[in-house]
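Engineer: First the structure, then my questions, so here it is.
The values are calculated or read from the model by the stated rules, or taken from the named source; none is laboratory data. It should be emphasised that the depicted structure is a prediction, and the values quoted were computed from it without experimental measurement. Here the Cβ positions follow ideal geometry from the backbone for every residue, glycine too, while neighbour counts run over all protein chains shown.
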Amino acid sequence: MGETILEVKGLQTHFFTDDGEIPAVNKVDFHVDKGEVLGIVGESGSGKSVTSLSVMGLVPKPPGKIVGGEINFKDENLVNASEKRMRQIRGNEIAMIFQEPMTSLNPVFTIGNQLIEAIRLHNKWDKKKAKARAVEILKLVGLPRAEELIDEYPHQLSGGMRQRVMIAMAMACDPEVLIADEPTTALDVTIQAQILELMKDLNKNRGTAIMLITHDLGVVAEMCQRVAVMYSGNIVEEGTVKQIFKEPKHPYTVGLIKSVPDMTSKRERLYSIPGSVQKPGSIKVGCPFAPRCEHAFDRCVSETPALLEAGDEGQKVSCWLHHD
Amino acid sequence: MTEKLLEVQDLKKYFPIKGGILGRQVGQVKAINGVSFYINKGETLGLVGESGCGKSTTGRSLLRLIEPTEGTITFDGKEVTSLSGREMRKMRRDMQMVFQDPFASLNPRHTVERIIEEPMIVHKMGTSAERKKRVRELLEVVGLNSYHAKRYAHQFSGGQRQRIGIARALAVKPKLIIADEPVSALDVSIQSQVLNLLEDLQNEFNLTYLFIAHDLSVVKHISDRVGVMYLGQLVELTESDKLYANPKHPYTRALLSAVPIADPEFEQERIVLRGDVPSPSNPPKGCPFHTRCPEAMDICKSVNPAFREDDEGHYVACHLYDEDK
């Protein structure tokens, strides 16, 4: 295992609403090693996006607040970092790309304007040098005619090109960690293939560690070395890609993998997990998956399982079936 | 089984682009450009394609929710395109639609009972008491409870709302259901529930489906035959297993290879297409795919290949399969 660059310990992000306190992220532990791709999978409302926003210090407050835990980035706890310090880290050392490339670009500024702004915020460069860098980085992400592109507006580009611009912006300052929150969900499959290819290249050639957040198990299988599965604000299982797909231990992971229609084999009836995701916080005691779990027994309702190592080689699971 | 329920021939839909101060027509978006297919009774035909390929427009044209520009649609022996508005409304009793967005397609001010009952009122089916009884039956059929009838749409989750949408489509006992991306907005675990429901209903009521989606694995799972669309045209259509085992059109091949498979040990050779889909307002001359096709030849730039049968039941529009080659 490599050197850990980002470590999240017991992270708790709660939202304080009129309906009470909602624990969107409930004691989450994970780490990202240098140069690796960690996948975080989960369905809507599982807390995967809030986890990434917490790392970036971008949780809207109020109503959100990190109420506990640590986010250690290179010996520094980001939970306690000042806004000024966070500004230095964001973009420069940890960058993020979002799902919807249209809403993350400002429609009234040109691509070049936005890229140069990002570059000059972190480097004391003159405009000329920053512009040269912008062109260089646009070429790096595989955009054709980069010199002309920097004078164009976001609406003149297609979805795939916009996502490339977003990646260019994120990569502009050579961050060590790239957080990608559903980067290909809004794109068509052939464009998705292009973007995934690009992210793989960046990971391989520049050694950028990627934290990839997605609901698409296919994307995870293809991109990631390690995977954390989230359910209702908790990580329920963590392991290498092979462990998660070949020997899933948590009943939720098992069900999730079985629910995906398989293109390579014959048509059979799909497995489906009964019921739907509970609101985070609606289950105070016990395993959050217990109401939908076919293996649930008394202990699952009365006691919350912890994420502990089970079996071999670092696979972790939070399920009473695998703990004493 | 081999009786055709719906046959579409050379369907076209051009949307005008208006411009200038006089609002003159300055161009056309060729959303559907000559599409032909049929659906047998009791089968599921899948339509796949990327955004903007015209698959949804095709679905809507069949119901004449969008008036097609040209072409014929024959449903159950009747020519649909020449019907008057009143006759068309009657016809829609046999063709119902399930929409993508379960949040936008249900009226937030109506109770579930009202939503599901409405098509029956429109088609003057039964007395009020009979209709209410049927609403409760339908709710049970789609896996909800009859006591849900008095609730409003916002009280349900996405998956449950999609079930309500399906119940509404079933209310008038249609023969054909056009499902436009019915599971795209749902999470994986909920998606499989809805897909299973659609299959159960098909077996129980002998329904015929036109299933429109962009997710290839979902379409493969549910369809008997699959048509692939690109830039307003069908480029390939065949039985679902055949299409996935032996894709003929270069676009189909690229599309299939682009889908990430949920198996870390599955190695596949990926054909990564360069560039984006051209604009349908200014489609390329010749074959619409030639700008991105890795196997494009000279003829592809000038002649649009015909959509014809290459093997038995395997239709493809590509010059690679021309007779004289």
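Engineer: Among the listed residues B:Val183, B:Val122, B:Val172, which satisfies the condition of being under 24 Å from the mean Cα position of the chain (by Cα) and surrounded by fewer than 22 Cβ atoms within 10 Å (Cβ to Cβ)?
Structural biologist: Every option except B:Val172 fails the conditions.
Let's see how each residue does on (1) touching a residue at least 40 places away in the same chain (Cβ under 8 Å); (2) in contact with a helix residue (DSSP H, G or I) (Cβ under 8 Å, 6 or more places away or on another chain):
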| residue | (1), (2) |
| --- | --- |
| A:Ser54 | yes, no |
| A:Phe73 | yes, yes |
| A:Asn80 | no, no |
| A:Glu93 | yes, no |
| A:Phe98 | yes, yes |
| A:Pro101 | yes, yes |
| A:Glu117 | no, no |
| A:Lys127 | no, yes |
| A:Ile137 | no, yes |
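Engineer: Suppose the filter is among the small types (Gly, Ala, Ser) and modelled with pLDDT of 90 or more; does A:Gly2 pass it?
Structural biologist: no
Engineer: Output the residue which, of all residues in the range B:262-278 that are of a type in the set (A, V, I, L, M) and surrounded by 20 or more Cβ atoms within 10 Å (Cβ to Cβ), is farthest from the other protein chains (Cβ to nearest Cβ).
Structural biologist: Residue satisfying both the conditions and the ranking: B:Val277.
Engineer: Something else: So which residues in the range A:263-296 are within 8 Å of chain B (Cβ to nearest Cβ) and either among the β-branched types (Val, Ile, Thr) or surrounded by 17 or more Cβ atoms within 10 Å (Cβ to Cβ) (or both), if there are any at all?
Structural biologist: Selection gives A:Met263, A:Thr264, A:Leu270, A:Ser272, A:Ile273, A:Ser276, A:Val277.
Engineer: Examine the range B:8-26 for a residue that is under 19 Å from B:Ser223 (Cα atoms) and among the hydroxyl-bearing types (Ser, Thr, Tyr), and state whether such a residue exists.
Structural biologist: No, the range B:8-26 contains no residue that is under 19 Å from B:Ser223 (Cα atoms) and among the hydroxyl-bearing types (Ser, Thr, Tyr).
Engineer: Name the one entry in B:Cys293, B:Cys300, B:Cys287, B:Cys318 that is touching a strand residue (DSSP E or B) at 6+ places or on another chain (Cβ under 8 Å) and hydrophobic (A, V, I, L, M, F, W, C).
Structural biologist: Numbers: B:Cys293 fails: touching a strand residue (DSSP E or B) at 6+ places or on another chain (Cβ under 8 Å); B:Cys300 fails: touching a strand residue (DSSP E or B) at 6+ places or on another chain (Cβ under 8 Å); B:Cys287 fails: touching a strand residue (DSSP E or B) at 6+ places or on another chain (Cβ under 8 Å).
Going through B:Cys293, B:Cys300, B:Cys287, B:Cys318 in turn, the sole match is B:Cys318.
Engineer: Identify, from the list A:Val219, A:Val141, A:Val189, A:Val236, the residue that is in contact with a Phe, Trp or Tyr (Cβ under 8 Å, 6 or more places away or on another chain), crowded, with 20+ Cβ neighbours inside 10 Å and not acidic (Asp, Glu). Talk me through it step by step, then tell me what you get.
Structural biologist: Working: A:Val219 fails: in contact with a Phe, Trp or Tyr (Cβ under 8 Å, 6 or more places away or on another chain); A:Val141 fails: in contact with a Phe, Trp or Tyr (Cβ under 8 Å, 6 or more places away or on another chain); A:Val189 fails: in contact with a Phe, Trp or Tyr (Cβ under 8 Å, 6 or more places away or on another chain).
That would be A:Val236, the only listed residue that is in contact with a Phe, Trp or Tyr (Cβ under 8 Å, 6 or more places away or on another chain), crowded, with 20+ Cβ neighbours inside 10 Å and not acidic (Asp, Glu).
Engineer: Kindly indicate which of B:Thr81, B:Thr72 is within 26 Å of B:Leu47 (Cβ to Cβ) and in contact (Cβ under 8 Å) with a residue 60 or more places away in the chain.
Structural biologist: Details: B:Thr81 fails: in contact (Cβ under 8 Å) with a residue 60 or more places away in the chain.
Going through B:Thr81, B:Thr72 in turn, the sole match is B:Thr72.
Engineer: Considering each residue of the range B:246-280, count those that are more than 20 Å from A:Val219 (Cα to Cα) and not acidic (Asp, Glu), and give that number.
Structural biologist: Count: 11.
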